[in-house]
Amino acid sequence: MRRQIVAGNWKMNNNLTETDILIADLKRQNKTSNAEVKIAPTYTNLWHAYQALRLTEIEVIAQNMHFAEKGAYTGEVSADMLQSVGVKTVILGHSERRAYFNETAEMLAKKVDAALDNDMNVIFCFGEELDDRKSGNHQQVVESQIRNGLFHLEEDKWDSIVMAYEPVWAIGTGETATPEQAQEMHAFIRSVLQSAYKPGIAEKTPILYGGSVKPGNAEEIFSKPDVDGGLIGGAALKAEDFFAIVNAF
């Protein structure tokens, strides 16, 4: 059985006080679950969140990192820096990083390599824009993003990879791909992976769905055979909603 994962991406939200309040709420809501639970606070609160949650089963992860180990990259954070504050997993390739910070396929491949070379785990994001979906090019766009970002990896590296499909048109818009659309794309992603690697890689690699997942739709989305969890945005900022999604498994 593949790992089931629910990861909350807090994005640029919550100062230290707000982080404390949300973490306290998460601890009260946290119960034994079939799913792995992860949260991604802002850089400034990673160490604080790690210390607050290190005796729980909630993993604190990062929203991004640079591919260089160190150097003249003002404002950036390296894999070593993340590990030094207890972080072992990083989200890479989020649609907002691609759109607002011009992260290219080449850059993301370098980031993936840097993370894996430092024994970190990666949640790799990809997904199509609304125009791609309307034009019928959504599968080609997704396949290109996957191939350019991940398919240079040797098979033994895939144990450290989680994939996250995020239809960009369904992020922060209130729009959500239907469970059937999500399953269709996840099955396609798994078939693309199977075409490039031995079947076992495709079968064991978790593929998360990220696109306006809420307590009201999580159970139906997660019930699909190729959907292994969610990368949660807005709903991750409310502990009750977040754990309602976690418990949808």
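Observations
- All positions within the range 188-216 that are part of a loop (DSSP other than H, G, I, E, B) and surrounded by fewer than 19 Cβ atoms within 10 Å (Cβ to Cβ): TYR197, LYS198, PRO206, LYS214, PRO215, GLY216
- Positions within the range 40-67 being among the acidic types (Asp, Glu) and either surrounded by fewer than 18 Cβ atoms within 10 Å (Cβ to Cβ) or not in a strand (DSSP E or B) (or both), in sequence order: GLU57
- Conditions (1) touching a strand residue (DSSP E or B) at 6+ places or on another chain (Cβ under 8 Å); (2) farther than 30 Å from LEU53 by Cα; (3) hydroxyl-bearing (Ser, Thr, Tyr); number of the one not met by THR89: (2)
For (1) in contact with a Pro (Cβ under 7 Å, 6 or more places away or on another chain); (2) farther than 17 Å from GLY230 by Cα; (3) modelled with pLDDT of 95 or more, each residue gets a yes or a no:
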position: ALA7; (1), (2), (3): no, no, yes
position: ASN14; (1), (2), (3): yes, yes, yes
position: THR19; (1), (2), (3): yes, yes, yes
position: PRO41; (1), (2), (3): no, no, yes
position: ALA49; (1), (2), (3): yes, yes, yes
position: ALA52; (1), (2), (3): no, yes, yes
position: HIS66; (1), (2), (3): no, yes, yes
position: GLU76; (1), (2), (3): no, yes, yes
position: GLN83; (1), (2), (3): no, yes, yes
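- Any hit, the range 216-228, residues being of a type in the set (Gly, Ala, Ser), closer than 27 Å to THR19 by Cα and touching a helix residue (DSSP H, G or I) at 6+ places or on another chain (Cβ under 7 Å): yes
- Taken over the range 68-80, the criterion of being out of contact with any helix residue (DSSP H, G or I) (no Cβ under 9 Å at 6 or more places or on another chain) and in a helix (DSSP H, G or I) is satisfied by ASP80 alone.
The values are calculated or read from the model by the stated rules, or taken from the named source; none is laboratory data. Given the structure is predicted, the values throughout are model-derived calculations rather than measurements. Backbone-built Cβ (ideal geometry, glycine too); neighbour counts: all protein chains shown.
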